C-alpha cells in the first residue's frame, strides 16, 4: 500500500471540503434561504426592509374583505401596540420576533400564537363581537416580561375605516 498517495488523496479531499466552508455568504446562506422557504426573516434587519418594515405594520385590508395584521414581538413590547380590526371578518395574523421566543395570547379567546426569532408565525383569527381584547406575552422573555402587553380593538364592520391600497389601520386615541 502506498501511504504517500493515500495522504495526498486525503489532504486534497479535506482541502476541497474546506474551500466551500470559507464561502458562507456565497454558498451556505443562499442555500439555507432556499431550504427554509418563505416563512423566515432576518431578525437583525426586520425594521429596515421587507414585509415587517415599520410603515408596513398594522392592519391592511385585503381585496376579499378580510384583513391582514403584521406585528413584531420584541423585548418587551408588541409593535404596533394597538391593532384595529373589524368584527366578523377573517383576520390573517403575521407575527415575528426580533429577539426571543414570545407567545401572543388574546384574553377572552382561545387564540395564542408562539413566535421565534427569524420565523413568521401565521394565525387565522375571527372576532364575532366588537370589544377590546387585551393581549399578553405568555412566554417568559426577560426581566420586563410582565409589562409586555398590547390590545386588539374590534369594531363593528360598518365602523371600520375603508383602507386604500398601501394604507395601514391603527387605533386612534379618543
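With Cα atoms defining each centre, the range 106-139 and the range 145-174 are spaced 14 Å apart in the structure. Please report the antiparallel percentage of DSSP beta bridges with both residues in the range 54-159, rounded to the nearest 5. That works out to approximately 65 percent antiparallel. Fully extending the segment from residue 7 to residue 129, taken as 0.36 nm per residue of separation minus the present Cα-Cα distance, adds 36.5 nm. For the chain, the mean residue ellipticity at 222 nm estimated from helices alone is -5000 deg cm²/dmol, where every DSSP H run of n ≥ 4 contributes -39500 (n - 2.57) and the total is divided by all residues, rounded to the nearest 500.
Computing mean projected area of the Cα convex hull in nm² for the structure here picks out one of (1) 12.1; (2) 12.7; (3) 15.1, namely (3).
Since every read-out is calculated from the coordinates, none of them should be taken as a lab result. No experiment lies behind these values; they were computed from the predicted model shown.
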